[in-house]
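The values are calculated or read from the model by the stated rules, or taken from the named source; none is laboratory data. These figures come from a predicted structure and were not determined experimentally. As a convention, Cβ positions derive from the backbone with ideal geometry for all residues, glycine included, and neighbour counts pool all protein chains shown.
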Amino acid sequence: DLTSSLLLDFLRALPPEQRYSALLNESINSFPAEYRAICHDLAVTPSKCLPSALIAARFRHPVAARRALTFLARRQLIALHETPAGELCSVLFDLPEPFRDSESRPFEVPPLDFTPFQEALYLEDERT
């Protein structure tokens with residue numbers, strides 16, 4: 001059980017510029033193993049916006065994938081966005097190199113096609 005005094009002691013032992021990263025790392029390390037692996041994989045993925053289906057594909061069951069995405073979104077590590085092309089995931093955190101897992105596998109993100117978004121905006125402009 002982490003008490004506020006233990007947390008303060010933990011943070012005071014670190015230089016100010018490392019506190020956020022260390023706290024984020026400790027938080028991620030407390031997650032279930034599958035969720036922790038996803039966080040480390042997202043941290044090494046160059047793109048900070050990717051189809052959530054790429055994350056979901058790493059789970060055997062769609063319900064487990066949805067649960068993981070919801071878990072990470074509630075903790076504000078990712079944001080989920082519905083788009084005409086499907087659900088996108090924005091990564092809201094950065095885990096510095098010393099905290100990354102050496103076995104992480106980056107997601108292979110295809111280039112995003114913004115044509116459907118531009119068409120939707122064009123149709124929206126015509127209505128006004």
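When L6 is tested against (1) touching a residue at least 12 places away in the same chain (Cβ under 8 Å); (2) surrounded by fewer than 17 Cβ atoms within 10 Å (Cβ to Cβ); (3) not polar (S, T, N, Q), just one condition goes unmet, and that condition is (1). The number of residues in the range 28-44 being among the hydroxyl-bearing types (S, T, Y) and at pLDDT 95 or above comes to 1. Within the set of pairs 6 or more residues apart or between chains, which connect a residue that is modelled with pLDDT under 90 inside the range 14-27 to a residue that is small (G, A, S) and surrounded by 13 or more Cβ atoms within 10 Å (Cβ to Cβ) with Cβ atoms less than 7 Å apart? Partner pairs satisfying both residue conditions: L14/A22. The test for being touching a strand residue (DSSP E or B) at 6+ places or on another chain (Cβ under 8 Å) and within 20 Å of P106 (Cβ to Cβ) holds for A79. When L69 is tested against (1) free of Cβ contacts under 8 Å to residues at least 24 places away in the same chain; (2) over 30 Å from T3 (Cα atoms), just one condition goes unmet, and that condition is (2).
On the stretch given as the range 9-27, residues that are under 25 Å from L42 (Cβ atoms) and surrounded by fewer than 10 Cβ atoms within 10 Å (Cβ to Cβ) total 1.
For the range 97-120, taking the residues that are surrounded by 11 or more Cβ atoms within 10 Å (Cβ to Cβ) and outside any loop (DSSP other than H, G, I, E, B), the one that is modelled with the highest pLDDT is identified as F99.
I'd like the full set of residues that are over 10 Å from the mean Cα position of the chain (by Cα), over 17 Å from F99 (Cα atoms) and in contact (Cβ under 8 Å) with a residue 40 or more places away in the chain, limited to the range 30-56. S47, P51, L54 - these are the residues of the range 30-56 that are over 10 Å from the mean Cα position of the chain (by Cα), over 17 Å from F99 (Cα atoms) and in contact (Cβ under 8 Å) with a residue 40 or more places away in the chain.
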